[in-house]
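The values are calculated or read from the model by the stated rules, or taken from the named source; none is laboratory data. As the structure is a prediction and not an experimental result, all values here were calculated from the model. When we count neighbours, we look across all protein chains shown, and the Cβ atoms used for this are built from the backbone with ideal geometry, even at glycine.
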Amino acid sequence: MNYQDFIEQKTSISGNFGFEPTFMPDKAFDFQRSLIEWAVRKGRAAIFADCGMGKSLMQLAFAQNVIERENKPVLILTPLAVGAQTVKEAAKFGVDAERSLDGKHTGARVVVANYQRLHLFDPNDFAGTVCDESSILKNFDGVTKEAVTNFMLKQKYRLLCTATAAPNDFIELGTSSEALGHMGYMDMLGKFFKKNQQTTSRKDENRSGVYRFRGHAERDFWRWVCGWARAIRKPSDLGFDDGQLTLPPLITEEHIIKSDKPAEGMLFSMEAVGLQEQRSERSRTVSERCELAAELVAKTGRPAIQWCHLNTESSILKKLTPDSIEVSGSDSDEAKEEAFEAFLSGQARVLVSKPSIAGFGMNFQHCAHQTFFPSHSFEQYYQAVRRSWRFGQRRPVHIDVIASEGERGVLKNLNRKTEASERMFAQLISLMNNELIVQKKKQSTETPSLPSWI
């Protein structure tokens, strides 16, 4: 190995692995064209675009460009129940796509499949892989994350798309970098972060608060991220006109339930401390919270979504809410898709489900009212709200957050994570707008000459 190759291995600046695009959808907005061109030239990239910004179009355009260059299919992985929606979108944009449930596919075209069926596919059959809602990769110890990463490492072209990239812990961006074939997760930790405390296991290393930026490393970290990712919440973030892509008002109201009696052994209600007490508080107040959620939805007579986390909550909400349809984890994939279609078509006025089931990828702009029982997961809350509050929504969106007195701590934590997410996106967008992307300098090829006085 010569010295130049050695230096190339040490650099943290991501290079380009792509090519000049040959396909561009006619319906693409100017900011979408810019992101598509950048991603195709990059070859291995991440697009952190807010809900409703047209990630499906950008994913399909990226895939079609790879197909035209390599004459091999491209695999798009999606959350459950989003696959059929992606195939419909492809037809609108002039992209030939098929959905595969068994690992079989035909011709050089876009193949759409659920993450759960990845094991049925051979990575050697594809020129590239696109991950829709790629925030699933942030689960560092997850089996799905490992399977997707190993699959993508065998692909020449890779694209990650999500609206919620590491909202509560910046170091989670390392899992995306690793999947794209840039700097590995552990290498990133060693370069930009240092431990705040001693940990006893690798699992502990992924907890928020264990790591902090090294001195003067924060700016370099974000410059590095800008080398392989783009973040956008509105077109003006990239210097384009927002035009009609302006969100209507989001009206969030918090409802604190006062339980009929305090927890066992208590004279009055107190804030639950720790996950065990919070789980107990949630179970103890399930009836009161569900009754209020059903009452708030019944008042409007309009389409609504009732988000929950416990099977008990789901069952009670279905029973108390007329004209509702329940989607649970035990339902088959086909039953879930039929239920979503019934809600979209108006056959069912209210959808009752968990964010982990219906909170990713679906377009529910016909609905402008949601009830939500808070949890510590900002990602689930953000994605759930964005099913309705997204570009294309014409009415103000009302979110009723319902919690008991003992769950005030959960609400505080959720609000803290919301603020952390806003800071992350603001910093990433600021760096892009200030052109802080690091470029490698060209090495001189001239042979140095000695001064005459030597």
query = Is it true that residue 344 is within 25 Å of residue 89 (Cβ to Cβ) and part of a strand (DSSP E or B)?
reply = no
Single unsatisfied condition, residue 199 versus (1) of a type in the set (Ser, Thr, Tyr); (2) at pLDDT below 85; (3) assigned to a helix (DSSP H, G or I) = (3)
note = Of the residues in region 84-113 that are closer than 19 Å to residue 360 by Cβ and of a type in the set (Val, Ile, Thr), the one that is nearest to the chain's Cα centre (by Cα) is 86
request  = Sort out which residues of region 82-131 are out of contact with any Ser or Thr (no Cβ under 9 Å at 6 or more places or on another chain) and polar (S, T, N, Q), and write them in order of number.
outcome  = 100, 106, 124, 129
task = Kindly list the number of the only condition in (1) of a type in the set (Lys, Arg); (2) within 28 Å of residue 376 (Cβ to Cβ); (3) in a loop (DSSP other than H, G, I, E, B); (4) at pLDDT 65 or above that fails for residue 212.
result = (3)
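Which residues, taken from region 349-384, are of a type in the set (D, E, K, R) and either under 19 Å from residue 407 (Cα atoms) or not in a loop (DSSP other than H, G, I, E, B) (or both)?
354, 379
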Flag if residue 98 is more than 18 Å from residue 33 (Cβ to Cβ) and among the acidic types (Asp, Glu) = yes
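Given the residues 62, 48, which is the only one that is touching a strand residue (DSSP E or B) at 6+ places or on another chain (Cβ under 7 Å) and at pLDDT below 95?
Details: 62 fails: at pLDDT below 95.
Among 62, 48, only 48 is touching a strand residue (DSSP E or B) at 6+ places or on another chain (Cβ under 7 Å) and at pLDDT below 95.
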inquiry  = Restricting to region 337-347, count the residues that are surrounded by fewer than 19 Cβ atoms within 10 Å (Cβ to Cβ) and touching a residue at least 24 places away in the same chain (Cβ under 8 Å).
reply    = 2
ask   = Name the residues in region 23-48 that are surrounded by fewer than 21 Cβ atoms within 10 Å (Cβ to Cβ) and not in a loop (DSSP other than H, G, I, E, B), would you?
value = 30, 33, 34, 37, 38, 41
key: Qualifying positions in region 142-196 - at pLDDT below 85, within 15 Å of residue 115 (Cβ to Cβ) and among the β-branched types (Val, Ile, Thr)   = 143, 144, 175
